[in-house]
1. Starting from the range 82-99, keep only residues that are more than 17 Å from residue 64 (Cα to Cα) and among the β-branched types (Val, Ile, Thr), then list their pairs with residues that are crowded, with 21+ Cβ neighbours inside 10 Å and modelled with pLDDT of 90 or more whose Cβ atoms are within a distance under 6 Å, requiring at least 6 positions of separation or different chains.
2. State all residues of the range 309-351 that are small (Gly, Ala, Ser) and over 26 Å from the mean Cα position of the chain (by Cα); if no residue qualifies, say none.
3. Would the range 115-128 turn up any residue that is more than 22 Å from residue 207 (Cβ to Cβ) and modelled with pLDDT under 75?
4. Taking the condition farther than 27 Å from residue 114 by Cα and open to solvent by 50 Å² or more (accessible area, probe 1.4 Å), does residue 186 pass?
5. Could you tell me which of the residues 243, 248 is open to solvent by 70 Å² or more (accessible area, probe 1.4 Å), of a type outside the set (S, T, N, Q) and either touching a Pro at 6+ places or on another chain (Cβ under 7 Å) or more than 30 Å from residue 91 (Cα to Cα) (or both)?
6. Would you check which residues across the range 49-63 are modelled with pLDDT of 80 or more and open to solvent by 20 Å² or more (accessible area, probe 1.4 Å) and list them?
7. Go over the candidates 193, 221, 257, 204 one by one and state the one that is touching a helix residue (DSSP H, G or I) at 6+ places or on another chain (Cβ under 7 Å) and open to solvent by less than 80 Å² (accessible area, probe 1.4 Å).
8. Give 102, 107 a once-over and let me know the one that is of a type in the set (S, T, N, Q), under 24 Å from residue 207 (Cα atoms) and touching a Phe, Trp or Tyr at 6+ places or on another chain (Cβ under 7 Å).
Amino acid sequence: MTHSMPISARGFLVLVAALCMAQVSLAQSRPAPATAKSAPAAGGDLPAMGVVEWLERMHAAARQRSYVGTFVVSAPAGNLSSARIWHVCEGDLQMERIEALSGPPRSTFRRNDQVVTFLPDSKVVKREKRENLEIFPNLSGAPDSSIADSYGVRAIGKDRVAGFDADVVQIEPRDGLRFGYRVWSERRSGLVVKLQTLDRDNKVIEQSAFSELQLDAPVKVHALAQMMGSTAGYRVEKSELERTTAEREGWALGKPVAGFRPVSSFRRPMGGDGLGHTMQWTFTDGLATVSLFIEPYDAQRKPEEVLLALGATYTLTRRLTGKDGDWWLTAVGEVPPQTLDAFAQNLVRAR
């Protein structure tokens, strides 16, 4: 049974992610930034480019432009969330502030892969390092040519978003294991200004768009850095992540899920001595991301096996049985539920 959930604070990150693709690092080393494709002349035809070239152009724009804007994330059920973003680029430095405008107060700051979230109601600050942020498109440096094995692209036409002329393209999956996307990119720079996630029938299941945008805004790195470090009066909680491998933790996929490759594995304490740890194993097809969270099964918690829907994001929970006991899987990704099921079905205890 699938349960529909309202858009949460996670929804605030969808369009931010679309505009900050460079923040994902799938390897320790950082590739050289992609070179932006030349913008078409105003009023001209859309450039004839493949899916990798379009993504290269969007990726380069996200690394080169500073901006301030208000964006809205919505789903067909009527769920709505909005936030204000300040984003600045200086060389390899990417920094931003995201202020929630709906729901509980929340301010999130990011400096490359360092993320700090302020929760005023509880007076808590959460610090963590995020190597993989489940963003669209999920790129490390320049897009990999293998993306074209899973997606094609089709030019739709031209439109206007938040007062800017935009090229519109549709990124179409080649199978049923991933969603499609309709993307509006600012015509001169390639910056993503609107994004729709589409199901197999081309119905919109989630939309993110700027309602107001100022490009090349005078955002100052030092001002954001000062705000990011102002934790007086807050209790600071730091998330401890330890790099590992699925093999070391005793897990493997009996059969790969077509188009997806593993990119990182981490473990973190579950809290308290002797409670064990949770492993996060992350996969990507170059655009979509799936994360598998595996922890020891705790019968006292009486967990239920469910499938949850949050806009374009699905969450599947399932009990796994291994030679050394039972485990609890939580699979999360902006992919169709059958993709999460494929991961769950093929996940095996390797020792």
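1. 98/83; 98/85; 98/108
2. Selection gives 322, 325, 350.
3. So the first thing to find is which residues in the range 115-128 are more than 22 Å from residue 207 (Cβ to Cβ), and the list is 115-128.
Subset that is modelled with pLDDT under 75: none.
No, the range 115-128 has no match at all.
4. Considered against the rule, which asks whether it is farther than 27 Å from residue 114 by Cα and open to solvent by 50 Å² or more (accessible area, probe 1.4 Å), residue 186 comes out as no.
5. Matching residue, one of 243, 248: 248.
6. Listed by number, the residues that qualify are 49, 50, 52, 53, 56.
7. Residue meeting the stated conditions: 257.
8. Unique residue meeting the criteria: 107.
The values are calculated or read from the model by the stated rules, or taken from the named source; none is laboratory data. Keep in mind it's a predicted model, so treat the numbers as computed, not measured. Methodologically, a virtual Cβ is constructed for each residue, glycine included, from the backbone with ideal geometry; neighbour enumeration extends over all protein chains shown. Heavy atoms of the whole protein, side chains included, go into the accessibility calculation; ligands, DNA and RNA do not. Shrake-Rupley method; radii C 1.70, N 1.55, O 1.52, S 1.80 Å.
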